[in-house]
Amino acid sequence: MFSEHEKSRVGDSADGREASIVRMWGMVEGFGEPSMNIADCGRGTVSVRAGEEQPLSLRAAQVPIYQSAAFAYPDFESWQDAALGTAAGDIYSRISNPTVAVLEEKIRVLEGGEKAAAFASGMAAISNALYALLRPGDRIVSITDNYGGTSKIFLEFLPRIGVKVELVRTSDADALNESIARGCRLVYLETPTNPTLKIVDLTRAITTAKSAGALTLVDNTFATPINQRPLSLGADLVVHSATKFLGGHDDAMGGLLVGRCNLVSNVQHFRDINGACLSAFSAYLLLRGMKTLELRIARQNATALAMASMLCEQTSVEEVYYPGLKRHPNHAIAARQMSGFGGVLSFCIKGDFEATKRFLNALRLAQRAASLGSINTLAGVPRTTSHVECTVEERAALGIPETLVRYSCGIENFEDLEADVLGALKHT
Ligand code: PLP
């Protein structure tokens, strides 16, 4: 089934690339080595081509959906070789699937990691990573401003298995570094944070973690590898809710983990057994979305900055949170570690929650929806979005105002979004 050339590539995973990528090309004859190293190309080229450098099966121009749970072999011997890993080949889609493998390769190159693994959702990626890497008695250090679902794992589930969790106030960088320096197994960071767009100094936290012998895992969902590459700053692992900017169309759930080969393999093994795999169809949708990642992010960065600046001038708006604003308390750190400030901003409507509700109901263009990172502009409040799992008291303790609107810029024209927001503000 495989040519000599393909077989010779099977064990060639020194750079962390999995043989599964090679599997896609099994039926294509006469292809050569890639003529250029895609990883060295611009971000737009990487978004389009990474993982797809070689001709695809049956000369398809786009990655096919391998909608098959199992893979069939012409004889027992070749099946056994694939099952034992001595030859390339997929066996069962809970373990590997050719469409999913291309997605894994694309994010691996975009983030600059050794290996990547895909999951059914962002939370599946986060929880599988934490459960695979932590043991009873381990100590983990993180921040108070993680995405609400992640915070639930820290506060509700990890303590049940005897993991000691310390969550430090995100804005207290000194306390965070002191806590890491006391020693821990894992430092878990999210920056910019959801929904108040706080910034963690990645270089500082990662340097302290390395001295303390701790691993660092960064949720890069808000930034995307177009705006921020934590692995290049020394992080061991990066996690994404691919449901957001990576997929970008609000039509598929997914999670991705990228980083050091041995760590990702460890988590992938846990995923394979626990069954948190990504479906081929979702992988296809996410791949299709990722091709336009650089274009979308450039537009969304620009729109968010313009929207944040415009909102700062409005008397009906109390506070605007966006790391691209010079007045953001960590603007200098953001400017150092990010090449764009992202497509999400948040702001507080002056008045009570009723005024915020009136604003949301008066929006005509932005959708009232829980997600972010879509081509459609989405607006919501923490009680129905990022911190739906928390009580009013828990949100207050986290410093998340009930009147906060999270606004995720899509790719519509700024002038139309501006008119929509200004029109809705009149109702507050
Ligand atoms: N990380 C961040 C920063 C998020 O905003 C979310 C979801 O909103 C997640 C992780 C979880 O991702 P998913 O909804 O794909 O499980």
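Among the candidates 402, 415, which residue alone is charged (D, E, K, R) and either more than 29 Å from residue 171 (Cα to Cα) or under 22 Å from the mean Cα position of the chain (by Cα) (or both)?
Testing whether each residue is charged (D, E, K, R) and either more than 29 Å from residue 171 (Cα to Cα) or under 22 Å from the mean Cα position of the chain (by Cα) (or both) leaves just 415.
With the checklist (1) within 16 Å of the ligand (Cβ to nearest atom); (2) without any contact (Cβ under 8 Å) to a residue 24 or more places away in the chain in hand, flag the one item residue 194 doesn't pass.
(2)
Can you find a residue that is assigned to a helix (DSSP H, G or I), more than 16 Å from the ligand (Cβ to nearest atom) and crowded, with 23+ Cβ neighbours inside 10 Å anywhere in segment 249-264?
Within segment 249-264 (the criterion being assigned to a helix (DSSP H, G or I), more than 16 Å from the ligand (Cβ to nearest atom) and crowded, with 23+ Cβ neighbours inside 10 Å), the answer is yes, since at least one residue qualifies.
Could you tell me whether segment 60-76 includes any residue that is outside any loop (DSSP other than H, G, I, E, B) and touching a residue at least 60 places away in the same chain (Cβ under 8 Å)?
The answer is no, given that none of the residues of segment 60-76 is outside any loop (DSSP other than H, G, I, E, B) and touching a residue at least 60 places away in the same chain (Cβ under 8 Å).
Residue check, residue 116 against (1) away from the ligand (no atom under 15 Å from the Cβ); (2) under 21 Å from residue 273 (Cα atoms); (3) in a helix (DSSP H, G or I), all met but one. Which one?
Here residue 116 clears every test but (3).
Spot the failing condition for residue 159; the list is (1) without any contact (Cβ under 8 Å) to a residue 24 or more places away in the chain; (2) within 30 Å of residue 328 (Cα to Cα), and only one is missed.
Exception for residue 159: condition (2).
Checking the conditions here, which among 92, 188 is buried (at least 21 other Cβ atoms within 10 Å of the Cβ) and either among the aromatic types (Phe, Trp, Tyr) or outside the structural domain of residue 208 (by TED's automatic domain parsing) (or both)?
188
Out of curiosity, is residue 246 hydrophobic (A, V, I, L, M, F, W, C) and more than 11 Å from the chain's Cα centre (by Cα)?
Spelling it out, it is not the case that residue 246 is hydrophobic (A, V, I, L, M, F, W, C) and more than 11 Å from the chain's Cα centre (by Cα).
Just checking, which of 216, 224, 243 is surrounded by 24 or more Cβ atoms within 10 Å (Cβ to Cβ) and within 21 Å of residue 322 (Cβ to Cβ)?
Of the residues listed, the single one that is surrounded by 24 or more Cβ atoms within 10 Å (Cβ to Cβ) and within 21 Å of residue 322 (Cβ to Cβ) is 224.
Taking segment 377-387, which residues are part of a loop (DSSP other than H, G, I, E, B) and within 15 Å of the ligand (Cβ to nearest atom)?
Scanning segment 377-387 gives 381, 385, 386, 387.
Of all residues being in contact with a helix residue (DSSP H, G or I) (Cβ under 7 Å, 6 or more places away or on another chain) and surrounded by fewer than 24 Cβ atoms within 10 Å (Cβ to Cβ) in segment 116-127, which is nearest to residue 264 (Cα to Cα)? Just the residue, please.
The selected residue is 127.
Just for segment 83-102: of the residues that are in contact with a strand residue (DSSP E or B) (Cβ under 8 Å, 6 or more places away or on another chain) and in a loop (DSSP other than H, G, I, E, B), which one is nearest to residue 286 (Cα to Cα)?
93
Name the residues in segment 204-221 that are within 16 Å of the ligand (Cβ to nearest atom) and out of contact with any strand residue (DSSP E or B) (no Cβ under 6 Å at 6 or more places or on another chain), would you?
Scanning segment 204-221 gives no hits.
For (1) under 19 Å from the mean Cα position of the chain (by Cα); (2) assigned to a helix (DSSP H, G or I); (3) farther than 18 Å from residue 245 by Cβ, each residue gets a yes or a no:
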| position | (1), (2), (3) |
| --- | --- |
| 299 | yes, yes, no |
| 302 | no, yes, no |
| 305 | no, yes, no |
| 323 | yes, no, no |
| 328 | no, no, yes |
| 334 | yes, yes, no |
| 348 | no, no, yes |
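Please go through segment 120-145 and pick out each residue that is within 16 Å of the ligand (Cβ to nearest atom), under 21 Å from residue 209 (Cβ atoms) and in a loop (DSSP other than H, G, I, E, B).
144, 145
If you scan segment 350-376, which residues turn out to be assigned to a loop (DSSP other than H, G, I, E, B) and within 16 Å of the ligand (Cβ to nearest atom)?
Selection gives 369, 370, 371, 372, 373, 374, 376.
Residue under question is residue 111, and the condition is that it be within 22 Å of the chain's Cα centre (by Cα), at negative phi and more than 16 Å from the ligand (Cβ to nearest atom); does it hold?
So residue 111 fails the test.
Could you figure out which of (1) part of a loop (DSSP other than H, G, I, E, B); (2) free of Cβ contacts under 8 Å to residues at least 40 places away in the same chain isn't true of residue 427?
(2)
Just give me the residues in segment 265-284 being assigned to a loop (DSSP other than H, G, I, E, B) and under 12 Å from residue 129 (Cα atoms), in sequence order.
Selection gives 276 alone.
Right, residue 151: more than 9 Å from the ligand (Cβ to nearest atom), at pLDDT below 95 and surrounded by 22 or more Cβ atoms within 10 Å (Cβ to Cβ) or not?
Yes, satisfied.
The values are calculated or read from the model by the stated rules, or taken from the named source; none is laboratory data. Values in this document were obtained by computation on a predicted structure and should not be read as measured data. In this analysis, Cβ positions are derived from the backbone assuming ideal geometry, glycine residues included, and neighbour counts consider all displayed protein chains.
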